[in-house]
1. Taking a label point 7 Å from Cα toward Cβ, how far is A:Gly368 from its twins in the other copies, in nm, shortest first?
2. Provide an ascending nm list, one decimal, of label-point separations from B:Lys262 to the equivalent residue in each further copy; define each label point as 7 Å from Cα along Cα→Cβ.
3. In degrees between 0 and 90, to the nearest 10, how far off the longest principal axis of chain A does helix A:46-57 point, with axes built from Cα atoms?
4. If you build a Gaussian network model of chain A, linking Cα atoms that sit under 10 Å apart, which residue out of A:Val338, A:Val399, A:Val132 swings the most?
5. At a threshold of 8 angstrom on Cα-Cα distance, excluding pairs fewer than six apart, so keeping six or more, what relative contact order does the range A:3-174 reach in percent?
6. Report the extension gain between A:Asp391 and A:Val338 in nm, rounded to one decimal, defined as 0.36 nm multiplied by the number of residues separating them, less their alpha carbon distance.
7. Return the inverse of the average 1/r over all pairs of distinct C-alpha atoms in the range B:3-174, which is the Kirkwood hydrodynamic radius, in Å to one decimal.
8. If you put +1 on each Lys and Arg Cβ and -1 on each Asp and Glu Cβ, how big is the dipole of the protein assembly as shown around its Cα centre, in Debye rounded to 20?
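No lab work stands behind these numbers, since they all come straight from the coordinates. What you see is a predicted model, and the numbers here were worked out from it, not measured in a lab. Neighbour counts are summed over all protein chains in view; Cβ atoms, including those assigned to glycine, are modelled from backbone coordinates with ideal geometry.
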Protein chains: 2
Amino acid sequence: MARIVMKFGGTSMAGVERIRAVAERVKREVDAGNQVAVVVSAMAGETDRLVAFCREVSPLYDPREYDVVVASGEQVTSGLLAISLQAIGVPARSWMGWQLPIRTSDGHGSARIAEIDTATLNAALEQGQVAVIPGFQGVAAGERVTTLGRGGSDTSAVAVAAAMKADRCDIYTDVDGVYTTDPRIVPRARKLQKITFEEMLELASVGAKVLQTRSVGLAMKENVRLQVLSSFDDRPGTMIVGDDEIEEAMERQFITGIAHDKNEAKITLTDVPDRPGAVAAIFAPLAEASINVDMIVQNIAHSTGSTDVTFTVPSAELARSLDVLEKAKDAIGYTRLVHDTNVSKITIVGVGMRSHAGVAAKMFKTLGDRGINIQAITTSEIKVSVLIEEDYTELAVRVLHTAYGLDAEQVAA
Amino acid sequence: MARIVMKFGGTSMAGVERIRAVAERVKREVDAGNQVAVVVSAMAGETDRLVAFCREVSPLYDPREYDVVVASGEQVTSGLLAISLQAIGVPARSWMGWQLPIRTSDGHGSARIAEIDTATLNAALEQGQVAVIPGFQGVAAGERVTTLGRGGSDTSAVAVAAAMKADRCDIYTDVDGVYTTDPRIVPRARKLQKITFEEMLELASVGAKVLQTRSVGLAMKENVRLQVLSSFDDRPGTMIVGDDEIEEAMERQFITGIAHDKNEAKITLTDVPDRPGAVAAIFAPLAEASINVDMIVQNIAHSTGSTDVTFTVPSAELARSLDVLEKAKDAIGYTRLVHDTNVSKITIVGVGMRSHAGVAAKMFKTLGDRGINIQAITTSEIKVSVLIEEDYTELAVRVLHTAYGLDAEQVAA
């Protein structure tokens with residue numbers, strides 16, 4: 001017997017037929033003798049509909065009332081799945097965030113889970129009842145409904161799994177696992193059997209959107225074994241596990257996956273004075289405006305005693321960033337403000353690169369051989385990211401996938 | 001300053017534009033210096049959609065989970081109205097049934113309100129905050145969500161009004177008041193300025209569906225002044241008040257209104273033994289099957305020592321009723337079981353008939369003069385109902401409306 005959390009996303013809950021299929025899948029885990037909690041999203045499209053209502057009523061909506069409105073989507077699917085489970089003979093009941101309760105911060109619209117009371121939950125599980133829990137929602141002090149922010153149901157699932165000390169948290173979604181890269185770009189991308197939390201975090205943060213980044217971080221912190229798998233077929237998915245679970249075996253790849261992100265914009269400030277505090281004058285006002293700066297490149301000083309500073313921001317924040325930087329022109333003291341949205345970030349990720357030299361050099365040479373110019377570089381212990389011209393995105397991903405030996409022998413199904 | 005409950009139905013809440021209009025109307029009462037609680041229904045069609053989901057998942061749904069699902073419709077409109085009020089500068093917040101709380105019985109799907117905690121509600125009102133309360137929902141012992149049954153939002157509004165000792169409970173709907181009869185049948189039907197609770201109860205129970213019957217009964221018991229008025233224009237509506245508020249003035253009509261109901265079916269059992277216990281043998285099994293029997297006519301015994309018994313049941317219950325009676329044939333001892341759905345019940349209602357003789361006689365003569373045959377009669381202190389052939393329904397209503405002097409001088413707008 002194991003304790004399992006199963007989480008189903010919006011496409012898996014879209015309509016009565018699919019909810020019935022979810023119930024059947026839950027039943028299989030119950031029939032296998034497991035204690036099961038299920039965390040559900042709203043029906044696909046429903047949260048968008050509810051958010052649109054709020055925005056239409058008032059763009060400056062009260063986030064406390066927004067939470068009341070949007071939390072209803074998961075309430076509906078929880079009740080329907082409980083009914084569906086009962087209909088096939090599986091004891092089940094729904095538990096709203098305020099009933100369990102799932103205590104959160106009062107950061108309405110993007111609350112953080114603080115504590116989940118497991119007394120009632122465990123009692124229900126011990127009795128063989130499946131607990132159906134709406135994802136995305138909780139309750140703050142003062143008993144007001146909160147939501148965790150878009151995609152928050154993954155985080156709910158991991159938090160429930162941690163609280164009930166689950167043996168596994170299975171995230172059912174519309175893809176069947178984590179791939180070495182986007183199969184739409186590289187048909188020979190391979191599904192990974194295992195990937196570490198850290199690798200998953202790096203991949204998620206650079207655009208491989210299988211799991212919400214927060215949920216992976218929480219799973220790593222709480223050491224919850226995560227699995228990503230498809231609601232629509234029965235093949236095993238990808239396990240996301242601690243570093244210790246991946247053996248240093250022969251077949252271990254240096255590189256686990258390759259991600260790309262076209263949603264960055266490059267900004268260059270020319271002739272910034274090369275003196276202490278100059279860089280702080282650039283990035284402090286951006287940080288104050290809550291703009292996430294990613295790659296930063298500062299060249300050595302010109303003979304004139306000034307330097308050029310290049311960095312990237314999310315494309316969606318470009319206009320705000322330029323506005324902030326123009327207002328700070330005198331304080332920074334740059335000559336020109338140049339920007340470019342025609343860029344793409346290519347990232348190779350792998351815990352294996354820790355123990356192997358030459359991984360980055362291979363990346364630069366592979367791209368150089370194809371005439372792809374590198375505009376900026378950042379590295380961490382387990383990843384290397386380069387900024388290139390956007391038009392070369394797919395070519396870069398393909399040649400790197402081959403260069404690192406990631407191509408499958410057959411095209412993915 | 002007054003304390004007012006305003007209740008808005010599904011058509012008034014159908015979409016963002018209408019919710020904004022509701023907010024404006026609430027603002028007017030607030031600007032006039034009143035303390036206001038608003039009770040809202042789900043958007044028109046939403047509850048039907050949610051009920052259909054439950055039925056589709058399983059016709060034998062768990063009513064506790066059904067309540068979780070269907071209560072979400074009012075949760076959405078409550079949040080949206082609170083946002084809409086704030087957007088026009090009116091302090092407001094939503095209070096779910098479990099937050100206030102509105103305590104109910106655990107009769108899921110058709111719970112009864114037991115108690116409303118007014119401490120938090122009154123504190124909010126005293127601070128000048130509008131309380132937006134989802135109708136139709138509450139919370140039972142064990143903190144599970146309950147609903148009051150279809151149309152329950154009227155009852156929620158009256159219960160809130162009673163709990164907060166409101167000066168008035170205004171029910172905004174898609175009609176602008178209570179009419180002497182259905183204006184689609186009699187264009188000269190008049191809107192009533194006032195009507196008593198008892199008259200309203202009689203009219204509601206015979207098919208004039210302006211207010212849910214339960215809400216009127218509760219208002220009468222708690223002495224809540226009810227008003228029915230239109231969300232879509234500014235004219236005063238109809239006040240529903242205690243008997244004492246209607247003066248015995250000259251213009252007081254004997255008859256206040258005329259209702260019709262085509263949803264009854266007539267059943268006749270022939271040759272029932274004329275002995276003690278015979279009638280009980282008929283109605284006990286029907287009562288056990290929760291079938292509401294309405295009009296009952298028992299003729300005097302034939303010379304054979306047996307009698308015919310005629311009564312009506314809701315058409316929707318006819319099949320079940322016949323089944324029950326066939327199974328009880330030996331116990332009852334009738335010869336034939338005859339039924340007829342081609343009947344209609346016409347009811348005249350008025351507290352004035354208490355003090356005036358001849359009101360019923362006038363009804364029988366008026367119908368007789370037009371050749372309309374009366375198949376059964378029941379009376380109460382303030383109403384007379386007759387069963388006639390369905391095809392004569394509209395004719396009967398029209399001739400009675402004229403006979404009792406109810407016709408307006410002009411056709412209703």
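1. From this label point to the equivalent ones elsewhere in the assembly: 11.5 nm.
2. 6.1
3. Its long axis makes an angle of about 70 degrees.
4. For chain A, modelled as a Gaussian network with Cα springs under 10 Å, the answer is A:Val338.
5. Values: 370 pairs, mean separation 52.5, N = 172.
Dividing the mean separation by the residue count of the range A:3-174 yields 31 percent.
6. Values: separation 53, 0.36 × 53 = 19.08 nm, distance 1.96 nm.
Computed gain between A:Asp391 and A:Val338 is 17.1 nm.
7. Working: mean 1/r = 0.0636 Å⁻¹.
Hydrodynamic radius (Kirkwood, Cα only) of the range B:3-174 equals 15.7 Å.
8. Values: 84 positive and 108 negative charges, 11 e Å.
That gives a dipole near 60 debye.
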